[in-house]
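A quick write-up on the structure given underneath.
All of the numbers you see were taken from the coordinates with simple rules; none came from a lab. Just so we're clear, the structure is a prediction, and the values are computed from it rather than from any experiment. Here the Cβ positions follow ideal geometry from the backbone for every residue, glycine too, while neighbour counts run over all protein chains shown.
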Amino acid sequence: MNKQFDQIIVGGGVIGCSIAYQLVKRGYRVLIIERNQVGCEASSAAAGMLGAQGEFAEDSPLFQFAQESRALFQDLSEELREEAGIDIQYRHKGIMKLAFHQQQYNKLKTVAAFQREADNAAYLLSVEEARKMEPSLTDNLRAILYLPNDGQVSARHLTKAFCLAACHHGAILHEQEKVSELLMEAGKVYGVRTTEATYYAGQVIVATGAFGDELLPADYSTIPVKGECLLLELEQELFQSTLWMDGCYLVPKQGKKVIVGASSIPGKTDKHVHAASVQKLLARAQKMVPQLAEARIRNHWAGVRPGTADEMPYLGEIPDIAGLYAAKGHYRNGILLSPITGIYMADLLENKPISPLYNDCFRASRQANKLEKAGESK
Ligand SMILES: Cc1cc2nc3c(=O)[nH]c(=O)nc-3n(C[C@H](O)[C@H](O)[C@H](O)COP(=O)(O)OP(=O)(O)OC[C@H]3O[C@@H](n4cnc5c(N)ncnc54)[C@H](O)[C@@H]3O)c2cc1C
């Protein structure tokens with residue numbers, strides 16, 4: 001068995017698989033090691049929204065990163081169809097954010113103004129205008145913010161497609177194998193030890209989502225945020241856009257299905273779906289689309305988002321350990337951010353010039369630096 005690689009990627013979620021895909025396309029020998037099965041954690045629990053606008057109410061480097069990533073999906077869906085034979089179910093039907101009262105409407109107006117300033121399409125619609133587009137929406141609304149350029153994919157299909165496409169280009173995948181230790185000497189990483197064997201590479205990327213924190217220094221810790229979802233099945237398609245209110249979203253899927261998401265429970269990593277969460281999600285779902293009362297519940301699940309203190313991912317080389325990289329902490333937007341993360345990490349690993357803005361914001365020491373600066377200014 002080959003044990004020598006250019007890069008070893010720890011974790012077969014959407015982030016690890018996207019990085020693997022970019023690296024093999026550039027001619028490297030890549031090993032992906034997944035402790036269970038590809039996409040078994042957050043990457044298949046996700047609703048698949050590409051909320052590059054919907055998720056952001058103010059400017060930040062992450063907002064720019066998200067915009068760049070969303071722009072890659074159209075071509076990526078074609079590319080992955082060819083390379084992996086998988087349809088990632090990219091749909092480009094926009095997101096509607098619903099306001100039920102004046103306070104929510106005021107918030108949406110601020111978001112709309114920010115989005116327009118950033119040169120993005122964002123329309124405030126009256127209830128009548130919105131119901132012309134989506135007749136199943138409740139009429140008990142104050143107003144709607146329509147973001148036509150936010151889309152969605154099937155998160156599970158996207159993860160699988162990245163992985164298959166990477167393997168098609170020569171990546172090696174080991175499932176049911178856990179990385180237990182990183183091998184380091186004289187300030188350099190040279191491989192990993194797993195439950196099965198030892199493998200060698202000059203570059204190791206830890207892409208373990210909300211897990212595997214023990215492999216990296218404490219600065220790179222993630223905050224697990226559990227999310228519960230439901231899958232509903234309808235007699236007929238009721239709406240095309242993703243619908244969103246405080247505490248709930250509805251993402252229409254192929255086959256007259258709708259994902260209803262999601263609870264948000266910090267500090268929990270269990271996969272139970274609680275009755276109280278189901279009750280809240282269903283009540284909010286019916287508040288948006290009353291006809292959903294007739295839908296059948298087909299499935300329910302929970303996943304764990306890899307959160308960080310400032311909600312930005314850690315992307316970069318670990319100081320003082322040459323060749324060891326982190327790519328984790330994508331919190332609520334890992335599906336959206338996966339294409340750009342793959343490219344960004346491959347550029348970093350190749351020592352290509354990268355945006356100093358992203359470099360500053362995504363390295364783990366940003367938090368220590370911020371605290372230090374805050375201390376100095378006191
Ligand atoms: C309910 C819910 C809804 C969401 N909705 C959206 C959405 O609509 N849009 C969006 O963009 N994002 C969404 N997200 C967020 C998104 O799912 C995550 O940000 C993304 O999947 C993180 O990907 P990842 O590869 O970093 O982590 P994961 O998918 O968790 O993958 C990490 C992998 O590493 C493996 N691993 C861990 N430790 C080891 C080890 N020691 N050795 C080997 N393997 C190991 C794990 O088994 C796992 O498969 C949602 C998340 C949840 C939970």
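Would you work out if the range 104-244 is rounded, prolate or oblate? Take a ≥ b ≥ c from the square roots of the eigenvalues of the alpha-carbon gyration tensor; rounded if a/c is under 1.5, else prolate when a/b is larger than b/c, oblate otherwise.
Prolate is the answer for the range 104-244, as a/c is 1.5 or above and a/b outweighs b/c.
I want to verify a result. In a Gaussian network model of the chain, Cα cutoff 10 Å, which of these has the top mean-square fluctuation: MET49, MET345, MET245?
Of the options given, MET245 has the highest mean-square fluctuation.
Normalised by the residues of the chain, what does the relative contact order come to in percent, with Cα pairs under 8 Å and at least six apart?
Details: 837 pairs, mean separation 87.8, N = 378.
For the chain, the relative contact order is 23 percent.
Expressed in nm to one decimal, what extension gain is obtained for the pair MET1 and THR198 from 0.36 nm per residue of sequence separation less their Cα-Cα distance?
So the chain would gain 69.8 nm between MET1 and THR198.
Just subtract the alpha-carbon distance of ASP219 and ALA293 from 0.36 nm times their residue separation and send over the number in nm, one decimal.
In short, 22.1 nm is gained.
Please report the spacing between the Cα centers of the range 10-27 and the range 265-326 in Å, no decimals.
Centre-to-centre (Cα) distance: 23 Å.
Among ARG131, ARG363, ARG305, determine the one that fluctuates most according to a GNM of the chain built with springs between C-alpha atoms less than 10 Å apart.
Greatest mean-square fluctuation among the candidates belongs to ARG131.
Calculate, in whole percent, how much of the Cα-Cα pair population of the range 163-294 lies beyond 22 Å.
Tail fraction, whole percent: 58.
For a Förster distance of 25 Å, can you work out the FRET efficiency between the beta-carbons of PHE100 and SER264, rounded to the nearest 0.05?
After rounding to 0.05, the efficiency reads 0.80.
Under 16 Å from a point placed 7 Å out from the Cα of ALA57 along the Cα-to-Cβ direction: which residues of the range 89-107 have their backbone N that close?
In the range 89-107, the label zone of ALA57 (backbone N under 16 Å from the point 7 Å along Cα→Cβ) covers 97-107.
Spin-label point model (7 Å from Cα, Cβ direction): what's the ALA276 to ALA186 distance in nm?
Between ALA276 and ALA186, the label points sit 5.7 nm apart.
Does anything in the range 44-87 have its amide N under 15 Å from the 7 Å Cα→Cβ label point of ASP347, and if so which residues?
61-72
Please work out whether the range 97-142 counts as rounded, prolate or oblate from its C-alpha gyration tensor, where a ≥ b ≥ c are the square roots of the eigenvalues and a/c under 1.5 means rounded, while otherwise a/b larger than b/c means prolate and anything else oblate?
Oblate shape, in that a/c is at least 1.5 and b/c is the bigger or equal ratio.
Ratio of Rg to Rh for the range 226-371, alpha carbon only, Kirkwood?
My calculation of the ratio gives 1.09.
Which percent, to the nearest 5, of DSSP beta bridges fully inside the chain are antiparallel? Show your work: numbers first, answer last.
Details: 50 of 70 bridges.
Percentage antiparallel, nearest 5: 70.
Once you order the gyration tensor axes a ≥ b ≥ c over the Cα atoms, which shape class does the range 17-65 get: rounded for a/c under 1.5, otherwise prolate or oblate by comparing a/b with b/c?
Cα axes put the range 17-65 in the oblate bin.
Are any of the pairs LYS109/LYS268; LYS132/LYS226; LYS188/LYS328; LYS25/LYS226; LYS160/LYS226 more than 32 Å apart by Cα-Cα distance, and if so, which?
From the list (LYS109/LYS268; LYS132/LYS226; LYS188/LYS328; LYS25/LYS226; LYS160/LYS226), the Cα-Cα distance tops 32 Å for LYS109/LYS268; LYS132/LYS226; LYS25/LYS226.
Any chance you could list P(r) for the chain, counting all Cα-Cα pairs in 10 angstrom bins from zero, rounded to whole %?
5, 23, 32, 24, 12, 3, 0
How much length is gained on full extension from GLU175 to ARG29, taking 0.36 nm per residue of separation minus their Cα-Cα distance?
Length gained between GLU175 and ARG29: 50.8 nm.
Could you give me the radius of gyration and the Dmax of the range 247-322, taking only the C-alpha atoms into account and expressing both in angstrom?
17.1, 58
Would you mind checking the tilt of helix 334-349 against the longest principal axis of the Cα atoms of the chain, expressed as 0 to 90 degrees and rounded to 10?
Value to nearest ten degrees: 30.
State, to one decimal in nm², a quarter of the convex hull surface area for the C-alpha atoms of the range 1-140, i.e. the direction-averaged projected area.
Approximately 11.9 nm², given one-decimal rounding.
Using a Gaussian network for the chain with springs between C-alpha atoms less than 10 Å apart, which of these wobbles most: SER43, SER18, SER60?
Fluctuation is largest for SER60.
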